[in-house]
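A.B. asks: Would you mind keeping the following structure in view while I ask a few things?
The values are calculated or read from the model by the stated rules, or taken from the named source; none is laboratory data. Treat the numbers as computed from the prediction; the structure is a model and nothing was measured. FYI the Cβ positions are ideal-geometry reconstructions off the backbone, even for glycines, and counts take in every protein chain you see.
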Ligand code: 4AZ
């Protein structure tokens, strides 16, 4: 009698323990959030694209126009690799440097592993069927400073080469010597992207451009009415001081180019700004000429360039 009671008590305890364990497991599963799932981690912009996609939200160049087809064959879209629709997947822009290399902003790809990104190239319209490539290596500049937005530059190596031709074409980097002649007050620059057409607005399916964005000298851009000393020697500014025309959210990482006597050159990378298209708060771009040697070293020998 006493023995069987002990057995019943033990069995009861066992059942209680198992049920509690299962309940705990179910509860734990319910509380796993996107940000805690290490398989779903990425840069802030990457996570925004993921969350918009999961929330089924419609997924931003201000004051621009549709870019002519094939006019910017170096432009690519950085997308979330597991989202099939390139428009929903899009979270940043990038620029083709060669068949296997893309340059973008560090803030687009920091904290994001290569397998989570796919690039779309050779198209103005972000639709299925466009050329897509996976990424095998991300090199974020070792001096990237997310607080000051300084050295906002990164390189990505693709797993397979891009078919270069009329619609996909690398663009050369602007050199420091050319820069001193070309980047002068009000020199017309071009910026492109699938980003928002207003601050807080949606990204767009068709590539847009601004092709007469005036270069703003650093002295002006650092004025108290503008960025009050936040523009470092690794940044350039472009945009009308009255506002109205600017790059915006979703354009980050994309190209700012300058026409030369021969072919256009990459002068900047969309980096930051206070809101978009506001008076005095013109767009701030990574100054590409500062990284010509670094890029060349990385493209030659990715293993040793970041020291
Ligand atoms: C952004 O949030 C962003 N006006 C990009 C560019 C600019 C502002 C914000 C420049 O990605």
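A.B. asks: Report, by residue number, each residue of segment 218-254 that is more than 13 Å from the ligand (Cβ to nearest atom) and more than 19 Å from residue 278 (Cβ to Cβ).
C.D. replies: Within segment 218-254, 219, 232, 233, 234 qualify.
A.B. asks: Which one is nearest to residue 256 (Cα to Cα), of the residues in segment 171-201 that are under 20 Å from the mean Cα position of the chain (by Cα) and surrounded by fewer than 17 Cβ atoms within 10 Å (Cβ to Cβ)?
C.D. replies: Across segment 171-201, the extreme among qualifying residues is 172.
A.B. asks: Within segment 275-295, identify whether any single residue is farther than 29 Å from residue 138 by Cβ, surrounded by fewer than 17 Cβ atoms within 10 Å (Cβ to Cβ) and not assigned by TED's automatic domain parsing to the domain that holds residue 156, and answer yes or no.
C.D. replies: Within segment 275-295, one or more residues are farther than 29 Å from residue 138 by Cβ, surrounded by fewer than 17 Cβ atoms within 10 Å (Cβ to Cβ) and not assigned by TED's automatic domain parsing to the domain that holds residue 156.
A.B. asks: Tally up the residues in segment 106-130 that are assigned to a strand (DSSP E or B) and under 12 Å from residue 79 (Cβ atoms), please.
C.D. replies: The first filter runs over segment 106-130 and keeps only residues assigned to a strand (DSSP E or B), leaving 117-121, 125.
Next cut, under 12 Å from residue 79 (Cβ atoms) only: 117-121.
Residues meeting the conditions: 5.
This table checks each residue for (1) surrounded by 17 or more Cβ atoms within 10 Å (Cβ to Cβ); (2) closer than 14 Å to residue 291 by Cα.
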| site | (1), (2) |
| --- | --- |
| 105 | yes, yes |
| 109 | yes, no |
| 122 | yes, no |
| 137 | no, no |
| 144 | yes, yes |
| 149 | yes, no |
| 152 | yes, yes |
| 161 | no, no |
| 165 | no, no |
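A.B. asks: Could you tell me which of the residues 264, 279 is within 16 Å of the ligand (Cβ to nearest atom), over 22 Å from residue 145 (Cβ atoms) and at pLDDT 95 or above?
C.D. replies: Only one candidate passes the filter, namely 279.
A.B. asks: Here is a further query. If only one of 140, 96, 109 is under 16 Å from the mean Cα position of the chain (by Cα), outside the structural domain of residue 236 (by TED's automatic domain parsing) and over 19 Å from residue 296 (Cβ atoms), which one is it?
C.D. replies: Details: 140 fails: over 19 Å from residue 296 (Cβ atoms); 96 fails: over 19 Å from residue 296 (Cβ atoms).
Exactly one residue qualifies, and that residue is 109.
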